[in-house]
Amino acid sequence: MHVHETLPGMAVKTDSSEWRDDAARANDLRIQIALDAAGLGSFIWYPKDDHGVPDARLLALFGLPPGSSMSLARALSTLIHPDDRVPYRDAIDRALDPAGSGLLKEDIRIVRPDGVQRWIAISGRTSFEGAPPQAVRMDGVVMDITERKQAEAVLRAGARTQRFLVALGDALRPLDDAGAIMRTAMAMLAEHLDVNRGYYSEVEHNGVYCRVRDSFNRGVESLDGRYRLDDYSPSKMDMLRAARDLVVTDAERDPEISRAERDRYRALSIRSLINVPLVKNQRFIAVLGVSDERARDWSKEEIEVVRETAERTWSAVERARAEAALRQSEERFQQVARNLDAAFYVVDAAQDRVHYLNDAHRRLWSIEPARRRAAWFQRVHEDDATRVRALHQAFMRGDAPAFDAEYRIVLNDGSIRWIHDRATFGDRNGDGRARTITGMAQDVTQQRADAILLRQSEEKYRHLFDSIDQGFTLIEMIFEGDRAVDYRFVEINPAFERQTGLVDALGRTVRECAPEHEQTWFDTYGEVARTGKPLRFQRRADALGRDFDVYAFRVGPPDEPKVAVLFADITDRRVMEDALRQADRRKDEFLATLAHELRNPLAPLRTGLELLRRWNVRDDTGATLHMMERQVRHLVRMVDDLLDISRISRGKVELERRRIDLVHEVRVAAEAMRATYESQHRTLSIDLAPSPLMAYADATRVAQVLGNLLSNALKFTGEGGHVGVCLAREGDEAVLRVCDDGIGIAEDHLEQIFATFMQVDTSLERGQSGLGLGLAVAKELVTMHGGHIQARSTGLGEGSEFIVRLPLVETDDTFGCASADAAGAPLGVERSEAAYAWKRVLVVDDNRASADTLALLLRLSGFEVAVAYEGRQAVECAKDWCPDAVVMDIGMPDLNGFDACRAMRVDAQGRPFVAIALTGWGGADAKAASRDAGFDLHMVKPAEPSAVTDLLEKRLSALARQQA
């Protein structure tokens, strides 16, 4: 068997089944002939070895010599445009995927070796073999689509110009005053091109002067006036007289502009311009131009739109003037004037000879006037010729009052134009027979194309209108005076009924559909209709039983009060949002309750530890007590952080700011942690700037920030490690640094470390535990003070540094350090004999352990103590025993602490006593309620036992001095 090559990638066998090969060759030949006829190149590509077999047409398209080999790698590296390589590679990969369709269809650009860039469309199909299937071959064709792409680009570029020209035509068409036409055209052209000036200058009949009337001027002096043409450059005037456009991009830099002319341009605020001459019947009659005080590189499209505007403006101006002049002239000239922007003709009906043709007719038909009208029909498209001739003959016989037809004509260059031709009988002879036929033929090619585009656009709009899930309606407002009282549904989409529940609403008013509809809806839509300002809002319609998300905007002119409304039913979403808000509120209430319930058992524990510390003096007992105190403090800190996070998330944290010395506050807070550090074999060093460093801050919260930072450093610094606290002044800020030589922080955790519940070390082996709230609370509190906190570390095992910056205020020499808050460190107060004259204290708490331990501590401190476990019992006890001070819980079952305190104040009849609220509720609302109920102080459980005793001593001592 012999094999010989034919077309690339094909082979023919000669054996006993030669007729089959002949059939194959014939089929291949037919395929090649079809490809040649369609101008397509073909290829076969083998993916396994990246070997391609192109045909000669494909090589020619790529600019490659015959016989060249091609591969995908080469094409991607040299022939395919760089911007299209990745998309084409992706398209190839999809075509080679056995799970896909196996089809390749892509439009790409190629850059031929000679530098020429072309657009091509590639289509291919992949053949798969084996199991699993493997791509073994791709057959495809390539088409040059450069001209199509260029045409599309031209269409896109011209779309804006076409819209302007359509708007210009619509604006000029109803005007019959030349001045109004020029003002309107110049304003629209200047707005379209974004220039300072638009003008229409008419040459006077003597050809010496030109006059500008009704020019458009924005931000520059008006150009209206009379100008001598000889004052301008002869060469430029010759250009205009020869119907050549005058384009200046920069008058300041144009070497062809003389100094005198440049000065004239400068005086008129002209730096760039386009002047389009209007030469009619070989006579220079006018110039339409635009100018700008900026340099401009005018594009071809901009120059073309000025040309087209010039023609249309001139046509409109001439039409208006001719109509005014020819109203008193004969009928033929009236017809010419009214149809000046279209092909106009007059025919002698008796001889069927052309009597008059205008220039527009010659331009439209691109032929010289024919003697007989029958010659015109030689231009009619063969598919329309029979119909047009039949209509014309019927008209001539008198069977039809007018000849009115749309048909196609074929010009010399083969292009096809659509014509709307209408003719009627003109004047008649004395015997009544028609003497003339007058007609007008308009080029409606663009109108038909626009109609198609409009129909397509309408179809797209209708498809969108019908398919969107949101409701849409066009409503017409109904006013009584200035107040909107109703509106009518002019148009609705299919989703309207589903979104509103209104049935058969089209054409009806909303009052008819829902009589109880709220007036606020009418007021809102009426305002949109009056002002034209769009509005987006969410509102409930009680009459419809639904909540809506609405966007409303006016449609049409103000005198047509129509409003388009796009809306969606969000009732279910509102219900879900309300449920989420309630869940969030319940969560906050749970956290607050949790903190309160945790504080109640902590209070007797802390008080009990204080009692054990006082009772036991053995060293080993002291170590155990210190350990228990540390653990209680740790638990207290976690509860406080948990509650603070809840308050911060709800915006309920309020700072009690005053002028404080940061040096003093940092020293007190740091020294309070020193014993804890020593007990855990860590070293704490304190380096503070000279006092004072004054800040307007909440001292308790500043101490809390430093305490959280020191607790964090203690957790992540190993035994024998060192932690340093440094406070210094840098400019107008105080800079607090907490440095440790502990485990350090990974770089990718430096920003996350301040997040709520963030745990850098989550292993089971970590030495200390926590909720991951301390640093988050510290950051929020620092931010609320107008400061900034930052974490630094060079990596794991390298230690860490936390930097807090707080703004400073001016130092006041008369300032003295204030005493700490009631819930803070113990207050230093001198004890006096007078204080013990006021020593009766009533302890009230439904938590018996808390009440009993506090009572025992107060007795050890020298107070006389009575205990009540219920609110009503406490009121009766106070009435009989007349205590000097009351320490009372708030949340009690029978009578809460607020009501109990009020009752005690009433029963005391003005007798003074100190009332202290000691409760697990620590929010701002609880503190305000305490003040309103008559409490002097509000302390949060578990308070420092010594703070309670010292506060009582201080307040009772002050009370004793007042009474003395």
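The values are calculated or read from the model by the stated rules, or taken from the named source; none is laboratory data. All figures in this text were calculated on a predicted structure; none of them were measured in a lab. Ideal geometry is used to build each Cβ from the backbone, glycine not excepted, and the neighbour counts take in all protein chains shown.
Tallying residues that are modelled with pLDDT under 85 and surrounded by 12 or more Cβ atoms within 10 Å (Cβ to Cβ) within segment 395-423 yields 4.
Sort through G799, G816, G770, G774 and tell me the only one that's modelled with pLDDT of 85 or more, more than 18 Å from K954 (Cα to Cα) and not assigned by TED's automatic domain parsing to the domain that holds L951. Quick ask: steps written out before the conclusion?
On the way: G816 fails: modelled with pLDDT of 85 or more; G770 fails: modelled with pLDDT of 85 or more; G774 fails: modelled with pLDDT of 85 or more.
Going through G799, G816, G770, G774 in turn, just one is modelled with pLDDT of 85 or more, more than 18 Å from K954 (Cα to Cα) and not assigned by TED's automatic domain parsing to the domain that holds L951: G799.
Restricting R319, R294, R307 to residues that are surrounded by fewer than 21 Cβ atoms within 10 Å (Cβ to Cβ) and part of a helix (DSSP H, G or I) narrows the list to R307.
Scan R271, R283, R262 and give me the residue that is surrounded by 16 or more Cβ atoms within 10 Å (Cβ to Cβ), among the charged types (D, E, K, R), assigned by TED's automatic domain parsing to the domain that holds E221 and without any contact (Cβ under 8 Å) to a residue 12 or more places away in the chain.
Details: R271 fails: without any contact (Cβ under 8 Å) to a residue 12 or more places away in the chain; R283 fails: surrounded by 16 or more Cβ atoms within 10 Å (Cβ to Cβ).
Criteria check complete, one pass: R262.
Within segment 714-729, being on the phi < 0 side of the Ramachandran plot and assigned to a loop (DSSP other than H, G, I, E, B) holds for F716, T717, G718, E719, G721.
Within the bounds of segment 537-552, is there any residue that is crowded, with 17+ Cβ neighbours inside 10 Å and basic (K, R)? Give the steps one after another, and end with the answer.
Restricting attention to segment 537-552, the residues satisfying the condition of being crowded, with 17+ Cβ neighbours inside 10 Å are 541, 544, 546-548, 550, 552.
Filter again for basic (K, R), leaving 546.
Yes, segment 537-552 contains a residue that is crowded, with 17+ Cβ neighbours inside 10 Å and basic (K, R).
Mind checking whether some residue in segment 713-720 is of a type in the set (D, E), more than 22 Å from D661 (Cα to Cα) and surrounded by fewer than 24 Cβ atoms within 10 Å (Cβ to Cβ)?
yes
Entry remark, segment 691-705: residues being closer than 14 Å to G787 by Cα and part of a helix (DSSP H, G or I) number 3 in total.
Take the residues in segment 69-96 that are in a loop (DSSP other than H, G, I, E, B) and surrounded by 14 or more Cβ atoms within 10 Å (Cβ to Cβ), then tell me which one is farthest from the chain's Cα centre (by Cα). Explain how you work it out, then say what you get.
To start, the set of residues in segment 69-96 that are in a loop (DSSP other than H, G, I, E, B) comprises 69, 71, 81, 96.
With the extra rule that they be surrounded by 14 or more Cβ atoms within 10 Å (Cβ to Cβ), the set shrinks to 71, 81, 96.
On the way: S71: 45, H81: 34, L96: 39 Å.
Among residues in segment 69-96 that are in a loop (DSSP other than H, G, I, E, B) and surrounded by 14 or more Cβ atoms within 10 Å (Cβ to Cβ), the one farthest from the chain's Cα centre (by Cα) is S71.
Go through the residues of segment 604-612 one by one and say whether even a single one is at pLDDT 65 or above, surrounded by 13 or more Cβ atoms within 10 Å (Cβ to Cβ) and within 30 Å of E491 (Cα to Cα). No; the residues of segment 604-612 include none that is at pLDDT 65 or above, surrounded by 13 or more Cβ atoms within 10 Å (Cβ to Cβ) and within 30 Å of E491 (Cα to Cα). Tell me, yes or no, whether segment 262-272 has at least one residue that is out of contact with any Gly (no Cβ under 9 Å at 6 or more places or on another chain) and part of a strand (DSSP E or B). For segment 262-272, residues out of contact with any Gly (no Cβ under 9 Å at 6 or more places or on another chain) and part of a strand (DSSP E or B): present. Of the helices (runs of 4 or more DSSP H) lying entirely inside segment 488-567, the ones with 1 or more residues being aliphatic (A, V, I, L, M), at pLDDT 90 or above and at negative phi are found at 510-513, 519-531. Within segment 223-258, the residues that satisfy the criterion of being surrounded by 12 or more Cβ atoms within 10 Å (Cβ to Cβ) and within 16 Å of M182 (Cα to Cα) are L223, D224.
Please go through segment 489-520 and pick out each residue that is crowded, with 19+ Cβ neighbours inside 10 Å and out of contact with any helix residue (DSSP H, G or I) (no Cβ under 6 Å at 6 or more places or on another chain). Within segment 489-520, F489, I492, A495, F496, Q499, T500, V510, A514 qualify.
If the condition is being in a helix (DSSP H, G or I) and aliphatic (A, V, I, L, M), then segment 118-165 contributes A151, A153, V154, L155, A157, A159, L165. Got a number for residues in segment 196-222 being among the small types (G, A, S) and over 13 Å from G289 (Cβ atoms)? Qualifying residue count, segment 196-222: 3. Is there a residue being under 45 Å from the mean Cα position of the chain (by Cα), surrounded by 13 or more Cβ atoms within 10 Å (Cβ to Cβ) and either among the polar types (S, T, N, Q) or assigned by TED's automatic domain parsing to the domain that holds F62 (or both) anywhere in segment 186-203? Yes, that holds for at least one residue.
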